[in-house]
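Below is one structure, written out as structure tokens; the observations come after it.
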Amino acid sequence: MTTTPSLPASGRYDTLISVEQLAQIQASGKPLMVFDCSFDLMNPPAGHEQYLQAHIPDAVFADLDKDLSAAHGVPGENGQVATSAQAASGGRHPLPSRERFAVWLSSIGFANDMQAVVYDRNGCNYCGRLWWMLRWAGHDAAAVLDGGLQAWQAGGQAVNSGEEPCRFQANFELGQPLETLKTVAQVESDLGQPSQTLIDARAPARYRGEVEPLDPVAGHIPGALNRPFGSNIAADGRFKPAALLKAEFDELLAGRDPATVVHQCGSGVSATPNVLAMRIAGFAPTALFAGSWSEWCSQPGRPAEQG
């Protein structure tokens, strides 16, 4: 048994949406934009190639590197290097500023009256990033397609191949952030204090420092708890029921105040399914340290734990 999202009283989905519910919105003609966020860290072009092979009709492809991250110390297409004004965090996948994100949303035709539905082929590893960013931009009508593209196809729904026609530009306006972003300075300042409970979403071997395929230092931020993001997903590829998620997070926190939780991972991407899972479980919104381990370990002298 898995979580069955219900339509909120507002008529806007803000956590999960089912295949059937998405199909109903498509048929209704209500303002909607669907995003395919498929990606592969070890082979970045693969996500777009998969999108071209099969995607939900009218879906826009959102590239983790190009659309959902700022450049970071690497010259862009125009030869310029990202500045602090362009990035809202450090790390391997720095968040673009809210303003730059709004420009991208406007350029693809996304407007404030639209329901956003995000999905991937990766157990919510990458689409959770866009779900969080939309809420960070003040947009509450953002939902994850429960089960991803696999559930859509298993439900007998149609898919398209190739590129989709471009949409007319919109004018997306930023609202008050609905999510909390923590900086590396804030995390470091609160390290070891009861006011902060770090949850690391990386695989156990990376958390323990036994392997580190991406960052220069192995291990984790001292005191961080470990909950791999895949722990939220049931055997059928959908999120676990809310009651089960709540019980598992309660066990992990072991009496710590859920309001103190700050989520992190390697570069702020796979931490977002944990943010979503706590929302599904009924907890109040928790914070994200988007720079995560990659930003933390980039400065020599910051403490690290192994084991």
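The values are calculated or read from the model by the stated rules, or taken from the named source; none is laboratory data. Since the model is a prediction, treat every value here as computed from it, not as a measurement. For neighbour counting, all protein chains shown are included, and Cβ atoms are generated from backbone atoms with ideal geometry for every residue, glycine included.
Of all the residues in region 224-235, those that are assigned to a loop (DSSP other than H, G, I, E, B) and either loosely packed, with under 14 Cβ neighbours inside 10 Å or out of contact with any Ser or Thr (no Cβ under 9 Å at 6 or more places or on another chain) (or both) number 2. Close Cβ contacts (under 7 Å, 6 or more residues apart or on different chains) running from residues in region 159-170 that are within 12 Å of residue 61 (Cβ to Cβ) to residues that are surrounded by 13 or more Cβ atoms within 10 Å (Cβ to Cβ) and among the charged types (D, E, K, R) comprise 164/58. Would you say residue 302 is in contact with a Ser or Thr (Cβ under 8 Å, 6 or more places away or on another chain) and of a type in the set (Lys, Arg)? No, not satisfied. What about residue 98, is it closer than 25 Å to residue 260 by Cα, over 14 Å from the mean Cα position of the chain (by Cα) and surrounded by 15 or more Cβ atoms within 10 Å (Cβ to Cβ)? Yes: the conditions hold for residue 98. Selection over region 274-307 of residues that are part of a helix (DSSP H, G or I), at positive phi and in contact with a Lys or Arg (Cβ under 7 Å, 6 or more places away or on another chain) gives a count of 0. Confirm whether residue 253 is closer than 20 Å to residue 123 by Cβ and either surrounded by 17 or more Cβ atoms within 10 Å (Cβ to Cβ) or without any contact (Cβ under 8 Å) to a residue 40 or more places away in the chain (or both). Criteria not met by residue 253. Of all residues in region 203-223, those that are without any contact (Cβ under 8 Å) to a residue 40 or more places away in the chain, closer than 21 Å to residue 191 by Cβ and assigned to a helix (DSSP H, G or I) total 1.
Of everything listed in (1) touching a residue at least 40 places away in the same chain (Cβ under 8 Å); (2) within 14 Å of the chain's Cα centre (by Cα), the single unmet condition for residue 112 is (2).
Residue count for region 193-218, restricted to those that are modelled with pLDDT under 95 and either among the hydroxyl-bearing types (Ser, Thr, Tyr) or closer than 22 Å to residue 287 by Cβ (or both): 1.
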